[in-house]
Ligand code: WTA
């Protein structure tokens, strides 16, 4: 697609963009100092970056003031948050004034419960306004929010509560998923009961999304609404040092235990504002809809912080893409005149299946920018989204980034970078990707390699909660001198990047990161399983699906399949349920006893030959046995 086919006016021209890229490369300090002025500081930072101290290190600010208070004068009556409930007729519009007031009340409720600066507050909520409100309320009083995805199992929640040491949890009686009710409160109760001595939760605040009653622990649980009504709408914000943690967000890596990624305040907010502004061509009057759950980083940076920092309007939708009938998402875009629509390739693949006639029934002419994130998008899905949803009129931003990067890193910039279907295109001004060979040497020109980043950027995570050494070991030590992303990529002759997927043992199911080791650790808790290996394989709808090999301890019990699934869904969550479970006598191993995942992956993908030299294996005969076993289940 060429730029000239966009009828829209975008803010940046190719020349503007080139100037930004050149300036950022030539004078990074000056460039980021200027970008730092996007925020309102109570103490201006004297420098942008210091290797030892971090980003805008001697600056101080408050995140909620930057998202709300400073807009009140000019935008007090503009919508900050539009909530579209599951039922069509139920819409809540909160102006900047109204959102500010709710955040202040919530912040006062938290303070009244004894939440102090640096305390952690867990947020386990469906897509309701109280999610962003609770996040901003934490930020207002200098507490650290820890949002826990609604799909986590009680075990997964319990682990994260224990690791974060959260003192208050905010949840809902239930969540609505179509006609179904998701038992948020009951799940949290189960998590708290699992290891009562391991967590520090003193209070549970419950949002009533529906009339459904839930059991309340008299000393611990309270309905949120009456507390908010009674609280003052005046709340002095806490000024925080730039590098104070704003939030923790747990994500999966190659190690078994999910890591609490720590994001700082000043740097993260600059990055959220900068990237939202540039990548989504933010303009006055935009209605920005990010379909990601706030339990993930996309929901944090583009469902809450980025658009609000820039004085935009966020749309939050409670429901699902196709409930009560196919076309519901298009209906939401039409009704609310969404200008900027940010979603996942997984969602697009599902929506494509509904047929072109569904989307054609709606007026989607308000759209100006379409975006995707979370996984590679196929050319087919790219073109469908671009043509059928965007009508060929919109800018399309395939954005590559990760929890640890805080915000978008590689992406087209509307009006400035010519798109190529299914390529994340070019790094944002100020970002320097490199492709390394296996020895860690950068490769030049059109090539493929391990994707790393040179230098730092304001949005980079500042640590792993309680484990700074693990941060170093995971991201900085694998390729000394570079930040290791865990992804592989190809660079073409125009310098465009094409992300090829993870090079580590992280599986990306519907855009959700799941560590192989996390699944294997879960399976290890099932007494009849001696050993296991989890592998990601291509999946039509989910991008990747999970295949599990299980070696039973002795005679496999008849219900081993069920036990294995239960171990995974109870430890991790339903979203990690495997596509296939192969019960096998053994796994291919090197002589030093390590599983050969490369072979397991090929076999799981249905390959029957091309396994290379097997003579170095301790048990080469197992390969043929596994191939036969997998083939027989097809
Ligand atoms: C993958 C989500 C291809 C990648 C923001 C990355 C992508 C992981 C893209 C991070 C993209 C994200 N194209 N792959 N545009 N965006 N990924 O932490 O493997 O949930 O490392 O952050 O998703 O997932 P995370």
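The values are calculated or read from the model by the stated rules, or taken from the named source; none is laboratory data. This one's a predicted model, so the numbers in the text were calculated from it and none came from an experiment. Because the Cβ atoms are built from the backbone with ideal geometry, glycine has one as well, and the counts that use them run over all protein chains shown.
General remarks:
- Any hit, region 450-464, residues being away from the ligand (no atom under 13 Å from the Cβ) and free of Cβ contacts under 8 Å to residues at least 40 places away in the same chain: yes
- Of all residues in region 262-279, one or more are closer than 17 Å to residue 395 by Cβ and touching a strand residue (DSSP E or B) at 6+ places or on another chain (Cβ under 6 Å).
- Within region 358-383, the set of residues being within 15 Å of residue 347 (Cα to Cα) and in a strand (DSSP E or B) comprises 370, 371, 372, 373.
- Close Cβ contacts (under 6 Å, 6 or more residues apart or on different chains) running from residues in region 515-538 that are within 18 Å of residue 601 (Cα to Cα) to residues that are modelled with pLDDT of 95 or more and in a loop (DSSP other than H, G, I, E, B) comprise 533/587.
- Cross-chain or 6+ apart pairs with Cβ under 6 Å, region 239-256 first and in contact (Cβ under 8 Å) with a residue 40 or more places away in the chain and at negative phi, then within 16 Å of the ligand (Cβ to nearest atom) and part of a loop (DSSP other than H, G, I, E, B): 248/465; 250/258; 252/258; 254/504; 254/505
- Residue within region 573-592 that is touching a strand residue (DSSP E or B) at 6+ places or on another chain (Cβ under 6 Å) and free of Cβ contacts under 8 Å to residues at least 24 places away in the same chain present: no
- Yes/no for residue 327 being out of contact with any helix residue (DSSP H, G or I) (no Cβ under 8 Å at 6 or more places or on another chain) and over 19 Å from residue 407 (Cβ atoms): no
- One residue stands out in region 288-300 among those that are closer than 14 Å to residue 145 by Cβ and within 8 Å of the ligand (Cβ to nearest atom): the one that is surrounded by the fewest Cβ atoms within 10 Å (Cβ to Cβ), namely 296.
- Single match in 395, 416, 424 (criterion: within 11 Å of the ligand (Cβ to nearest atom) and surrounded by 23 or more Cβ atoms within 10 Å (Cβ to Cβ)): 424
- Residues that are in a strand (DSSP E or B), more than 9 Å from the ligand (Cβ to nearest atom) and surrounded by 20 or more Cβ atoms within 10 Å (Cβ to Cβ) within region 481-496 comprise 483, 484, 491, listed in sequence order.
- Only a single criterion out of (1) away from the ligand (no atom under 14 Å from the Cβ); (2) within 30 Å of residue 53 (Cβ to Cβ); (3) in a loop (DSSP other than H, G, I, E, B) is not satisfied by residue 408, namely (1).
- Considering 85, 122, 158, 57, the condition of being surrounded by fewer than 24 Cβ atoms within 10 Å (Cβ to Cβ), at pLDDT 95 or above and under 30 Å from residue 568 (Cα atoms) is satisfied by 158 alone.
Yes/no per residue for (1) more than 21 Å from residue 313 (Cα to Cα); (2) touching a residue at least 12 places away in the same chain (Cβ under 8 Å); (3) touching a strand residue (DSSP E or B) at 6+ places or on another chain (Cβ under 8 Å):
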site: 19; (1), (2), (3): yes, no, no
site: 24; (1), (2), (3): yes, yes, no
site: 34; (1), (2), (3): yes, no, no
site: 68; (1), (2), (3): no, yes, yes
site: 79; (1), (2), (3): no, yes, yes
site: 99; (1), (2), (3): no, yes, yes
site: 104; (1), (2), (3): no, yes, no
site: 116; (1), (2), (3): yes, yes, no
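- Filtered residues of region 325-383 (kept if within 16 Å of the ligand (Cβ to nearest atom) and touching a residue at least 60 places away in the same chain (Cβ under 8 Å)): 342, 344, 345, 346, 349, 369, 371, 373, 374, 375, 376
To keep it simple, each residue is scored yes or no on (1) within 16 Å of the ligand (Cβ to nearest atom); (2) farther than 30 Å from residue 478 by Cβ; (3) within 24 Å of the chain's Cα centre (by Cα); (4) modelled with pLDDT of 95 or more.
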| position | (1), (2), (3), (4) |
| --- | --- |
| 163 | no, no, yes, yes |
| 177 | no, yes, yes, no |
| 185 | no, yes, yes, yes |
| 188 | no, yes, yes, yes |
| 197 | no, yes, no, yes |
| 236 | no, yes, no, yes |
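- All positions within region 539-558 that are free of Cβ contacts under 8 Å to residues at least 40 places away in the same chain, touching a strand residue (DSSP E or B) at 6+ places or on another chain (Cβ under 6 Å) and not in a strand (DSSP E or B): 553, 556
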